[in-house]
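Read-outs: derived from the displayed coordinates by stated rules, not from any lab. On a predicted model such as this, the values are computed, not experimentally measured, just so you know. No Cβ is skipped: glycine too gets one built from the backbone with ideal geometry, and neighbour counts run over all protein chains shown.
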Amino acid sequence: MTTDSLTLETYVEEILQGNIIPRTSHERLYLAIQDAMKKNKHRQLFGMNELLQQLIDRYFRPAAKGYDVRKRMLVLVGPPGSGKSTLVQFLKKALSDFSTTDQGAVYRILGCPLNENPLHALPIPIRNTIKRVTGYEVRGELSPLNLHKLTVEWEGDWRKIPVERMTISENERRGIGTFLPGDPQVQEISDLMGEVDFSTITTYGSQSHPYAYRYDGELQVGNQGILELQELFKLSPKLLYPLLSVTEEQQYKISRQAMIHSDLIIIGHSNPEDFQQIMTSSENKPLTSRMILQRVPYNLDLSEEVRLYETKLTEKDLSRIQPFALESLAATVIYSRMHSSRQEITKLEKISLYQHKLPPYESLKQEFNEEGMEGLDSRIIFHILSIVMTSRKGIVTAEQLLDLLSHEVNTDLRLHATEKEKFQTAIKQGKRYFYMQLERFLLRKFAEQEEEFVERITQDYLNRDNRNDDEFLTVIHENFVRQNMTVQLKDLPEKVREYVCRKSIKLWVYKYGNLSDWYERKLLPKLSKKELQFQTNLEKIIKNYTHS
């Protein structure tokens, strides 16, 4: 935090001259998110890009513009391990970093434990001037503490109120408050709102004296910033209703004092079970109607899931992992989280479409609102990786990882029989995904080694007479062949490339009789140490081609 301070009179002059831009907490956080995204800091939110954009569109942008959505508590609902806490941590870090910039500067009354906005002390005419010049509307009145100080310390002159710039810091409990409920029977409202300091009553003569109160609750800490409520629906009603009043009215009441204005963003998160329990009672509908609810499902993007696993491993660990092993593990996990499409698409095909955002990706996403709200938690994968990396030497294979996952699922006391059956099915599909990747690896290597042969097959395929039955071939002819442009294998979509490569291998076998000889002479000597680990599986695939 900067130590430089100024008077409120000077602060107002700086605002009117455009040197300082006053902002609401919602506007500041919205700009902080934009700033973090420009700097690519949202990359830590694995598979959450679309979710973050939804939150911007549904909550942060309209709240920053002053619409009534700012009077609602933002509540993230998702299964354990879906990234709710990570998302909130990103928001807190973005706001903290942004507060160190000129655009994100935050000011408070010097040394104020409530982090109070000094503009609350301004008379109406000055407030109107600020609104006319800058568009910023000053909301709220001076707190009882600073109103008392204005009288006894600053001689009733608002111009003399000392002002300081503060940087937002969670570690130093400045601008970011965090509340985690404990036993519902002993939850103390003082943790949120502070409490009377009884040791000072003899000094100040009354519990209602502003100096006799300890303003160290999370509401005071989070003022002009964020208040995070972990496990929101485990809060007792005596705590939850006052918090909703803070979001809607931007003020709260503490014992024997006048209302206190608060400008903060309250963000809660909860698992679906606690949320559903709250929703079972009609008495809680007024409660939830004052919230903006946002699902936070598990990640369904294979590339992002792999990237998440990689962050849990060292470079040395990564060098030991067999190709396609992490991808197969991720495919297993995502398979367990997906619903079967009503369209003629398998789950494995759906995983690929979600990964590459290919049609009909958008329509598939609209099929199920609850997709991704259940399935394997990534944290079980972190556990699997930690076991394998510390108990095995040499190359770690996909089969080892999936077999260990199968064992962990079978012995997990938290899972019931239907869940275990579902997850074992996903593991079988993960192994199938691995073999599919091996076949694609073989097809790519064959196309590289026998480029001339495969390109000749490609041209035969593109020039066949029945192209009117193939929409893709019709497009190829209209846009390439008719313009005398050469179409190569690399120009074709992935599915078509695979089809051509399979056809090329079959013709090679038909012509030369044995693919094993090609494999031993041209592919096997060029396999890396890690690729040699799936030599046996490759030979099975080659044998299938040879005998098909």
Give a quick list of chymotrypsin sites (Phe, Trp or Tyr not before Pro) in the stretch 335-398 that DSSP marks as loop, anything other than H, G, I, E or B, with at most 10 other Cβ atoms within 10 Å. none
Among 415, 331, 457, which residue has its Cα positioned farthest towards the positive end of the charge dipole of the chain, with +1 placed on the Cβ of Lys and Arg, -1 on the Cβ of Asp and Glu, and the dipole taken about the Cα centre? 457
Give me the percent relative contact order of the chain, please, defined on Cα pairs under 8 angstrom at least 6 residues apart. 14
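Given the convex hull of the Cα atoms of the stretch 189-297, what is a quarter of its surface area in nm²?
The orientation-averaged projected area of the Cα hull of the stretch 189-297 comes to 7.5 nm².
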Would you work out the charge dipole size for the stretch 412-466 about its Cα centre, treating the Cβ of every Lys and Arg as +1 and the Cβ of every Asp and Glu as -1, and quote it to the nearest 20 debye? 540
Cβ under 10 Å from residue 244's Cβ, residue 244 left aside: what net charge do those residues give with Lys, Arg +1 and Asp, Glu -1? +1
Mean Cα-pair separation over length for the stretch 482-548, i.e. relative contact order, pairs under 8 Å, 6 or more apart, %: 37
So between residue 65 and residue 139, what do we pick up on full extension, going 0.36 nm a residue minus the alpha carbon distance? 25.2 nm
With Cα coordinates, the longest principal axis of the chain makes an angle with the long axis of helix 378-391, in degrees rounded to 10, of 60
Run the paramagnetic zone check for residue 249: 7 angstrom along Cα to Cβ, then residues of the stretch 130-161 with backbone nitrogen under 16 Å. 140-144
Going down the table (495/526; 445/526; 495/530), which pairs top 19 Å between alpha carbons? 495/526; 495/530
Contact order relative to length of the stretch 302-435, as percent, for alpha carbon pairs under 8 angstrom and 6 or more apart: 36
Express in nm, to one decimal, how much length is gained between residue 49 and residue 236 on full extension, taking 0.36 nm for each residue of separation and deducting their alpha carbon distance. 64.0 nm
Go from 0 up to the bin containing the longest alpha carbon distance in the stretch 306-407, width 10 Å each, and give me the % of pairs per bin. 14, 43, 27, 14, 2
Tell me the mean residue ellipticity at 222 nm calculated for the chain from its helices only (DSSP H runs of n ≥ 4, each -39500 (n - 2.57), averaged over every residue, nearest 500). -14500 deg cm²/dmol
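How much of the pair distance distribution for the stretch 245-341 lies past 17 Å, counting alpha-carbon pairs only, in percent? Each step should come with its number before you reach the end.
On the way: 3287 of 4656 pairs.
Here the tail beyond 17 Å accounts for 71 percent of pairs.
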Could you state the number of Å between the C-alpha centres of the stretch 80-97 and the stretch 335-395? 22
Please report 370, 164 as a ranked list, fewest other C-beta atoms within 10 angstrom at the top and most at the bottom. 370, 164
Could you tell me how many degrees, from 0 to 90 and to the nearest 10, lie between the Cα long axis of helix 25-38 and the main elongation axis, the longest principal axis, of the Cα atoms of the chain? 30
Once all Cα-Cα distances of the stretch 5-295 are split into 5 Å bins that start at 0, what whole-number percent is in each one? 1, 5, 12, 16, 18, 17, 13, 9, 6, 3, 1, 0
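Does the chain come out rounded, prolate or oblate, given a ≥ b ≥ c as the square roots of the eigenvalues of its C-alpha gyration tensor, rounded meaning a/c under 1.5 and, failing that, prolate meaning a/b above b/c?
Prolate, because a/c is 1.5 or more and a/b exceeds b/c.
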In the stretch 282-354, GluC sites (Glu not before Pro) in a DSSP loop with at most 13 other beta-carbon atoms within 10 Å: 344
Would you pull out the residues with amide H under 5 Å of residue 227's amide H, same chain only if 5 or more places away, H placed 1.01 Å from N? 177, 265, 266, 267
The farthest towards the positive end of the charge dipole of the chain, of the residues 306, 7, 86, given +1 on Cβ of Lys and Arg and -1 on Cβ of Asp and Glu, is 306
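Please count, across the stretch 80-206, the pairs of lysine residues with Cα atoms under 29 Å apart that sit 8 or more places apart or on different chains.
Lysine pairs meeting the criterion: 6.
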Using unit Cβ charges (K, R positive; D, E negative) and no other charged atoms, how large, in debye to the nearest 20, is the dipole of the chain about its Cα centre? 1080
Estimated inter-spin distance, residue 131 and residue 349, nm [label 7 Å along Cα→Cβ]: 6.0
Spelling it out for residue 216: with amide H atoms placed in the peptide plane at 1.01 Å from N, the residues 5 or more places away or on another chain with amide H under 5 Å from its amide H are 194, 195
